[in-house]
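Data block below; observations after.
The values are calculated or read from the model by the stated rules, or taken from the named source; none is laboratory data. The shown structure was predicted, so the numbers you read here are calculated from the model rather than taken from an experiment. In this analysis, Cβ positions are derived from the backbone assuming ideal geometry, glycine residues included, and neighbour counts consider all displayed protein chains.
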Amino acid sequence: MKEFLLGKRKNNSVIRLVLTATFAALSILVGLLQIPWFPPFNFLKIDFSEVIILISLLTLGFSNTTIVIILRSVIRELVIPDKLVPFPFFGEFVAIYASLVLISLYKLVIVLTGKKQPKNITDGLEPLQKEPLWKILVQDIFVIAGFTVALVALNYFFTVPIQMSLTKHFFFVPYIKSINQSVGTYTLFVLQLIGPFNIVKGIATFVVFELTKTGLTQAGIL
């Protein structure tokens, strides 16, 4: 019996390892399909790599999905680095932050609503239960709102000053002083630029995610 349990645990570890690598690769490939934001801000791009991250969360759980996120960013930076960022890994640090915020918020929704779902695909727990549309909408809106606030905050305090000043300023206060703008003008600029973009990205991500999740549930995968 002991040997059987040890063998089963080893097989589960191999399955999780393979799925972790698979989800990381899928998120990179899906992320290559990008939709530019409207000019002159078309350097912002909507992609659906976060859909894979959310599916990974449902399949592998929080800890393994964190590994997927980090693995995705490391490989992506090494293979297809973003030349528009002010220094290496800058864009991937932001991507890791965004993904961790997303899965943390979705995990919080899971805990608050008491939804039954597997911590990982090898646990053999009950499959996802079908929920009413209104409940799904409330859950997704909560995650999208929290995601937008978190990304606006990051951009407001750090990302925009670093990006716009080409690393001369790492915080918003000295950056605002350097461009002779008021806090109000700067705040309005960031809200108008980052707010709508992340709301639209969040909506698009969750529409695709819910459709994918429904298909996988009907197929008996989730």
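Taking the criterion of being under 26 Å from Thr65 (Cβ atoms), at pLDDT 95 or above and of a type in the set (A, V, I, L, M, F, W, C), would at least one residue in the range 158-167 satisfy it? Taking every residue of the range 158-167 in turn, at least one turns out to be under 26 Å from Thr65 (Cβ atoms), at pLDDT 95 or above and of a type in the set (A, V, I, L, M, F, W, C). The residue that is surrounded by the fewest Cβ atoms within 10 Å (Cβ to Cβ), counting only those in the range 8-66 that are charged (D, E, K, R) and in contact with a strand residue (DSSP E or B) (Cβ under 8 Å, 6 or more places away or on another chain), is Lys45. For the range 44-56, does any single residue satisfy the condition of being without any contact (Cβ under 8 Å) to a residue 12 or more places away in the chain, within 21 Å of Phe206 (Cα to Cα) and not small (Gly, Ala, Ser)? Yes, the range 44-56 contains at least one residue that is without any contact (Cβ under 8 Å) to a residue 12 or more places away in the chain, within 21 Å of Phe206 (Cα to Cα) and not small (Gly, Ala, Ser).
Consider Pro39 against the criteria (1) modelled with pLDDT under 90; (2) over 21 Å from Ala204 (Cα atoms); (3) of a type outside the set (D, E, K, R): it satisfies all of them except one. Which criterion is unmet? Failing condition for Pro39: (2).
Considering the conditions (1) within 11 Å of the chain's Cα centre (by Cα); (2) of a type outside the set (A, V, I, L, M); (3) under 30 Å from His169 (Cβ atoms); (4) crowded, with 17+ Cβ neighbours inside 10 Å, Tyr106 is excluded by exactly one of them, (3).
Right, Phe206: touching a helix residue (DSSP H, G or I) at 6+ places or on another chain (Cβ under 6 Å) and more than 29 Å from Phe87 (Cα to Cα) or not? Yes; evaluated as a whole, the condition is true for this residue. In the set Ala25, Ala98, only one residue is at pLDDT 95 or above and under 23 Å from Val200 (Cα atoms); that residue is Ala98.
Residues that are of a type in the set (Val, Ile, Thr), buried (at least 18 other Cβ atoms within 10 Å of the Cβ) and part of a helix (DSSP H, G or I) do not occur anywhere in the range 70-93. Taking every residue in the range 91-105 that is within 17 Å of Leu60 (Cβ to Cβ) and pairing it with any residue that is at pLDDT below 95 and aromatic (Phe, Trp, Tyr), at least 6 positions away or on another chain, the pairs with Cβ-Cβ distances below 9 Å are Ile103/Phe62; Ser104/Phe62. When each of Ile52, Ile96 is tested for being assigned to a helix (DSSP H, G or I), of a type outside the set (Asp, Glu) and over 30 Å from Lys168 (Cα atoms), the lone residue that passes is Ile52.
Looking only at helices (runs of 4 or more DSSP H) that fall completely inside the range 157-222, which ones have 1 or more residues that are surrounded by 12 or more Cβ atoms within 10 Å (Cβ to Cβ) and touching a residue at least 40 places away in the same chain (Cβ under 8 Å)?
160-165, 183-218
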